[in-house]
Amino acid sequence: MREKACMPNLAEIDRFQIEREHHARGLLRLTGIDEAGRGPLAGPVVAAAAILPEEWVEDGIPESLKKLNDSKQLTEKIREELFAAIHSETEIHFGIGIIDAAVIDDINILQATHRAMNAALAQLDPPAAHVLVDGRPVPTLATPQTAIIKGDAKSYSIAAASIFAKVTRDRLMRGHHKQWPEYGFAQHK
């Protein structure tokens, strides 16, 4: 009889381990970055950058944000709750970059994603010192970076960016649905 692989629950995953490792190397002002909308056939690509307070890395994340995770693994209701909780935390710095479909068609989705990431980073003041990128390296980032495959499930910083990007894009697509209901954008965001 085969044993089932045991998935760790949310409480067992140390989503600040990556941040602590970077802090140990003297890298501070870590910024998580992620995107939403790279796979769909319609709508914009949205990237978000999030800087969580450095004290949280050692002291722990507030109770209201303990469910932070890869946005694709959460329900829409939980994503909306987390978005509101992140927004209410004045200590979190974030930026959002949105590249519309016309630009995507002109430069391709990969270049548009990278442009959105740079736009999100440009909104941070003071700027990011080091970026934790979900996925593969982004050659156009001027800021030093660490690429982390499935980083949105491994890092609270990237997970916060994941929530910001996904909820922002979903809201935009619901707005498009009101304008063009025949395409079903609200259901197929």
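The values are calculated or read from the model by the stated rules, or taken from the named source; none is laboratory data. Predicted, not measured: the structure shown is a model, and the values here were computed from it. Quick reminder, even Gly has a Cβ in these numbers, built from the backbone with ideal geometry, and neighbours come from all protein chains shown. We work out accessible area using only protein heavy atoms, side chains counted, and drop any ligands, DNA or RNA first. Shrake-Rupley method; radii C 1.70, N 1.55, O 1.52, S 1.80 Å.
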Open item on the list: Please determine whether any residue of segment 90-97 is under 22 Å from His177 (Cα atoms), open to solvent by 20 Å² or more (accessible area, probe 1.4 Å) and touching a strand residue (DSSP E or B) at 6+ places or on another chain (Cβ under 9 Å).
Closed with: yes
Open item on the list: Scan segment 134-143 and tell me whether some residue there is in a helix (DSSP H, G or I) and at pLDDT below 95.
Closed with: no
Task: Condition check for Val138: touching a residue at least 24 places away in the same chain (Cβ under 8 Å), crowded, with 19+ Cβ neighbours inside 10 Å and more than 14 Å from the chain's Cα centre (by Cα) - done: yes
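Quick check on Lys150: is it out of contact with any strand residue (DSSP E or B) (no Cβ under 6 Å at 6 or more places or on another chain), of a type in the set (D, E, K, R) and more than 17 Å from Ser71 (Cβ to Cβ)?
Working: out of contact with any strand residue (DSSP E or B) (no Cβ under 6 Å at 6 or more places or on another chain): yes; of a type in the set (D, E, K, R): yes; more than 17 Å from Ser71 (Cβ to Cβ): no.
Criteria not met by Lys150.
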Task: One residue from Gly43, Gly37 being among the small types (Gly, Ala, Ser), open to solvent by less than 70 Å² (accessible area, probe 1.4 Å) and out of contact with any strand residue (DSSP E or B) (no Cβ under 7 Å at 6 or more places or on another chain) - done: Gly43
Task: Identity of the residue in segment 46-63, open to solvent by 60 Å² or more (accessible area, probe 1.4 Å) and touching a residue at least 24 places away in the same chain (Cβ under 8 Å), that ends up farthest from Ile163 (Cα to Cα) - done: Glu58
Task: Matching entry among Ile51, Ile33, Ile18, Ile96 (being at pLDDT 95 or above, under 24 Å from Pro126 (Cβ atoms), of a type in the set (A, V, I, L, M) and more than 13 Å from the chain's Cα centre (by Cα)) - done: Ile18
- [ ] Looking only at segment 24-77, count how many residues are part of a loop (DSSP other than H, G, I, E, B), farther than 30 Å from Ile104 by Cβ and among the hydrophobic types (A, V, I, L, M, F, W, C).
- [x] 3
Task: Test: residue in segment 172-180 that is more than 17 Å from Arg79 (Cβ to Cβ) and either in contact with a helix residue (DSSP H, G or I) (Cβ under 6 Å, 6 or more places away or on another chain) or not in a helix (DSSP H, G or I) (or both) - done: yes
Task: Residue satisfying all of: in segment 89-109; touching a residue at least 24 places away in the same chain (Cβ under 8 Å) and part of a helix (DSSP H, G or I); nearest to Thr146 (Cα to Cα) among these - done: Ile109
Open item on the list: Take Thr146 and tell me if it is surrounded by fewer than 16 Cβ atoms within 10 Å (Cβ to Cβ) and either at pLDDT 95 or above or part of a loop (DSSP other than H, G, I, E, B) (or both).
Closed with: no
TODO: From Ala129, Ala147, Ala85, grab the single residue that is free of Cβ contacts under 8 Å to residues at least 24 places away in the same chain, in contact with a Lys or Arg (Cβ under 6 Å, 6 or more places away or on another chain) and more than 26 Å from Ala42 (Cβ to Cβ).
DONE: Ala147
